[in-house]
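Q: Quick one: this structure, given as structure tokens, is what I'll be asking you about.
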Amino acid sequence: LLAARSPQDAHLLRLPLREVAARRAPVTCPRTAPRPRLRTLAPTACADNVMRAPHVRRLTLSRPRAYCRTQQVREGARLHVEQGQGKPVLSLHGNPASCYIIPHVAKVWRAIAVDLIGMGKSDKPDIGYHYDDHSRYVEGFVEALGLKDITLVIQDWGSLIGFRYAHEHEANVRGIAFMEASVRPLNFKDMPLDTRIMLPVVRTFPFGYLLIQVGNIFLSKLLHEMTLRKLAKEEIAAYNAPFPTIKSRKPVAQFPLEVPFDGKPVKNHSTVAGYSEWLKVTQMPKLFLKFSPGVLINKDMAAWIEKSLPNITTVDCGAGKHFVQEDDPDLIGQEIVAWMSATQSKKK
């Protein structure tokens, strides 16, 4: 673990654990806090390497070119990549990823991808990076761009944020496409054996701090174990680029603490349970991209989803673990376009 640290962070390893804990103490972010005010800056030309996620780099850009825009927020800034025209399709990524545009979507719709706060090229302000923090930033981002009638494409942590947004802003969401998502509160017993062993450890201080922030285990190990294909060196470098130091990995380390397992954290469990009950009654169109064996969505969870959620289209996408957008981005994009086109035709 110590060998994995970067030189900039050597001083942190000499601190007593008590002081390290104090420095990483979470900042409370009550749900009642006012949403950040956003100021839209002028769009700037987008260099090719900005679209750094591997599945984005494989996308051949068409005119108009994708571009970057920075949304200045009170606590920090975020970046988004945009391509195409029409109804907005907003992609929310997971941990430890960054923004991506699903292939094929921009040929038909307005595809928008965003780096969550603290991730990718978004700023890393001194906040707690709690569930509430991420939700407030995404809400502010949607408001700043004036996005209406959104289709959400969500995976991993993007699903907790996206499902919550759809539940709280149902009138502004036309549909949800999801893969490897948190559809209901999770239990450790439902996870694969290696995940059941790993998660309690990384959710405990100082082990989580040492493994994730110092040892960089999410990027050096878990990313590879939960992706079927072997990532190329340049792809690995793209994933690592936003997190060169121990301090920069704080958001990566906080995410596992925020996911509700076995009812804890209580507040987050309540939020997920709330949108889960809503998903069982809302007629909002849903696309379930199913991969096997999966991690968050195993065989039993997939069966529950297909049985319990109304107005859902299921597509069996074949083999996949957790970072499924790395293994078959083209299939994902094709199925999203076909589903959105069919949904649009039904509305007409």
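The values are calculated or read from the model by the stated rules, or taken from the named source; none is laboratory data. Remember, it's a predicted structure, so these values are computed and weren't measured experimentally. All Cβ positions, glycine included, derive from the backbone under ideal geometry; neighbour counts span all protein chains shown. Only protein heavy atoms, including side chains, enter the accessible area calculation; ligands, DNA and RNA are left aside. Shrake-Rupley method; radii C 1.70, N 1.55, O 1.52, S 1.80 Å.
Q: Let me cross-check Asp330: its accessible surface, 1.4 Å probe, with only protein heavy atoms counted, in Å² to the nearest 10?
A: My reading of the accessible area for Asp330 is about 70 Å².
Q: Now a separate question. For each pair in Lys189/Lys221; Lys87/Lys247; Lys247/Lys286; Lys247/Lys321; Lys321/Lys346; Lys107/Lys307, compute the distance between the two Cα atoms and list the pairs where it is over 27 Å.
A: Violating the 27 Å limit, Cα to Cα: Lys87/Lys247; Lys247/Lys286; Lys247/Lys321; Lys321/Lys346; Lys107/Lys307.
Q: At each listed q (0.12 Å⁻¹), what is the log10 of I(q)/I(0) that the Debye formula gives for the range 245-325 modelled as equal alpha-carbon point scatterers?
A: -0.48
Q: May I ask you to list the residues of the range 149-175 whose amide nitrogen lies under 19 Å from a point 7 Å from Cα along the Cα→beta-carbon direction of Gln344?
A: What the label zone holds, given the 19 Å backbone N cut-off, is 149-154, 172-175.
Q: Per residue, how much accessible surface does the range 248-346 expose to a 1.4 Å probe? Answer in Å², no decimals.
A: 39
Q: Next question, about the same structure. Which shape class applies to the range 197-346: rounded if a/c is under 1.5, otherwise prolate when a/b exceeds b/c and oblate if not, where a ≥ b ≥ c are the square roots of the Cα gyration tensor eigenvalues?
A: Here the range 197-346 falls in the oblate category.
Q: Suppose all protein chains stay in the model; what accessible area per residue would a 1.4 Å probe give for the range 174-240, in Å²?
A: With the other protein chains kept in place, the range 174-240 gives 43 Å² per residue.
Q: Please turn the phi angles of the range 254-270 into ³J(HN,Hα) values with the Karplus equation 6.51 cos²θ - 1.76 cosθ + 1.60 (θ = phi - 60°), one per residue in order, whole Hz, x for glycine and proline.
A: Per residue, the Karplus-derived 3J(HN,Hα) values read 6, 3, x, 6, 8, 5, x, 10, 6, x, 10, x, 4, 5, 5, 4, 4 Hz.
Q: Also, quick follow-up: Amide H to amide H, which residues 5 or more places from Val153 or on other chains are under 5 Å from it, using H placed in the peptide plane?
A: Amide H neighbours of Val153, under 5 Å, 5+ apart: Leu90, Ser91, Leu92, Ala177.
Q: With θ set to phi - 60° and the Karplus curve 6.51 cos²θ - 1.76 cosθ + 1.60, what are the ³J(HN,Hα) couplings of the range 280-286 in order, to the nearest whole Hz, using x for Gly and Pro?
A: Whole-Hz 3J(HN,Hα) from phi for the range 280-286: 7, 10, 6, 8, 4, x, 9.
Q: In whole Hz, what ³J(HN,Hα) sequence does the range 84-97 give by Karplus (6.51, -1.76, 1.60; θ = phi - 60°), x for Gly and Pro?
A: x, 9, x, 5, x, 10, 9, 9, 10, 8, x, 10, x, 8
Q: Just to verify a number: what accessible area does Leu160 come out at with the full protein assembly present, 1.4 Å probe, Å² rounded to tens?
A: Rounded to the nearest 10, that gives 0 Å².
Q: While we're on this one: Within the range 251-284, what residues put their amide N at less than 14 Å from the label point 7 Å along the Cα-to-Cβ vector of Phe188?
A: Output list for this probe position: 257, 260-265.
Q: I would also like to ask the following. Would you mind pulling out the separation of the Cα centroids of the range 300-348 and the range 152-192, in Å?
A: 13
Q: Check which residues have an amide H placed less than 5 Å from Thr314's amide H, if you skip close sequence neighbours.
A: Those lying under 5 Å, H to H, from Thr314 are Phe288.
Q: From the protein chains alone at 1.4 Å, what is the descending order of accessible area for Ile332, Ile312, largest first?
A: Ile312, Ile332
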